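Student: Encoded as structure tokens, here's the structure I'll be asking about.
The values are calculated or read from the model by the stated rules, or taken from the named source; none is laboratory data. Keep in mind it's a predicted model, so treat the numbers as computed, not measured. Quick reminder, even Gly has a Cβ in these numbers, built from the backbone with ideal geometry, and neighbours come from all protein chains shown.
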Amino acid sequence: MKLNTLEDLLVHELKDLYSAETQLVKALPKMAKAASHQELKAAFEGHLEQTEGHVERLTEIAEMLGKKLTGQTCKAMKGLVQEGADLISEGAEPAVRDAGLIGAAQRVEHYEIAGYGTARCLADQLGHSEVADLLEQTLEEEKDTDEKLSELATSGINAEASQE
Ligand code: FE
Ligand code: FE
């Protein structure tokens with residue numbers, strides 16, 4: 001696809017996000033299963049529900065713009081998900097694995113935050129205010145998740161890991 005306009009770029013960015021989110025819908029249950037600490041498990045399960053909502057918002061946006069968002073692979077998310085899967089298969093102590101899972105998940109959130117920030121900014125500049133609003137809602141949820149993961153890392157979970 002040739003990118004001639006910012007509108008083309010917005011669609012390109014949205015396709016990347018759509019691919020990223022659909023990959024996460026498959027990866028998050030595996031991360032929840034691999035997590036030992038109940039709070040971390042619950043955080044992953046809660047974010048899975050939100051992530052399904054993110055896919056829905058992108059589907060809504062696709063309809064608003066009259067574009068298809070399927071058919072592109074987010075290679076970065078593929079790599080991040082693979083790193084998470086590698087960590088899970090490495091056979092760590094449960095609490096240590098939890099700490100690693102938090103790190104893997106925060107890499108994912110930061111990637112999404114960057115992607116949604118870019119897309120929201122483009123949508124704003126192009127005058128797609130409803131699209132920008134939907135992207136903003138998801139962006140806030142990604143930021144909240146990142147903060148929650150930071151809290152989990154600095155509160156109980158990593159302290160428990162350091163005692164192993
Ligand atoms: Fe998301
Ligand atoms: Fe997320």
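Student: Quick check: anything in the range 122-130 modelled with pLDDT of 95 or more, surrounded by fewer than 16 Cβ atoms within 10 Å (Cβ to Cβ), outside any helix (DSSP H, G or I) and not charged (D, E, K, R)?
Tutor: Yes.
Student: Another question about this same structure. Criterion first (away from ligand 2 (no atom under 16 Å from the Cβ) and within 24 Å of L6 (Cα to Cα)) does D133 satisfy it?
Tutor: Yes; evaluated as a whole, the condition is true for this residue.
Student: For the range 54-91, name all the residues that are within 15 Å of ligand 2 (Cβ to nearest atom) and surrounded by fewer than 15 Cβ atoms within 10 Å (Cβ to Cβ).
Tutor: The one that is within 15 Å of ligand 2 (Cβ to nearest atom) and surrounded by fewer than 15 Cβ atoms within 10 Å (Cβ to Cβ): E56.
Student: Can you run down the residue pairs with Cβ atoms below 6 Å, 6 or more apart or on separate chains, where the first is in the range 120-133 and under 15 Å from H54 (Cα atoms) and the partner is among the charged types (D, E, K, R) and surrounded by 12 or more Cβ atoms within 10 Å (Cβ to Cβ)?
Tutor: Partner pairs satisfying both residue conditions: R120/E136; A132/R120; A132/D124.
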